[in-house]
Amino acid sequence: MNSTAPGSADARPALSPGMARMLQLSAAVAFTVLGAGLWWSWFAWDTAAGTDAAGSQTGPYAVWQVAGCVLSWIVLVWFGVRVLRPFLLTAALPVGFTAAWILTVALTDDSGLWAVGAVLVAGGTVAGNAALVWVLRAFARRNHAGSAAP
């Protein structure tokens, strides 16, 4: 039995194919900007290397920054699974994050190794994001199937 209660899937107006594509493109652009925002808000401002208790030099990023970025990324993908097609979501955040990383690093690297780093950042973020999208979509499908059962 179909429900036409407000907020149910049957009560929502159908979108034309052109409008649906435009909304997907707009959401993909928004998630790309959000991906860049992850880099800028968590990492771009902190470029000073530090030392640990043993006196060894450490990278410029603290554990809390990485953890905060990962948690923020998970939240964005959780929302993205609900509004974007998987391929667009898989690409959007890494493209923005990598582009922001390139803008930060390429301007200060005289060696040219920023290009190697860019490939590694892009590959790592795409692979991690693809796995996260897959897991969260499977979780959402499982929850949706469980809630639809009588």
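From the list ALA91, ALA99, ALA122, ALA140, pick out the single residue that is touching a Ser or Thr at 6+ places or on another chain (Cβ under 7 Å) and in contact (Cβ under 8 Å) with a residue 12 or more places away in the chain. Answer to the check: ALA122.
With respect to ALA130, is the statement that it is at pLDDT 95 or above and of a type outside the set (Lys, Arg) true? For ALA130, the condition - at pLDDT 95 or above and of a type outside the set (Lys, Arg) - is met.
The values are calculated or read from the model by the stated rules, or taken from the named source; none is laboratory data. Because the structure is predicted, anything quoted here is derived from the model rather than measured. Neighbour counts run over all protein chains shown; Cβ positions are idealised from the backbone, glycine included.
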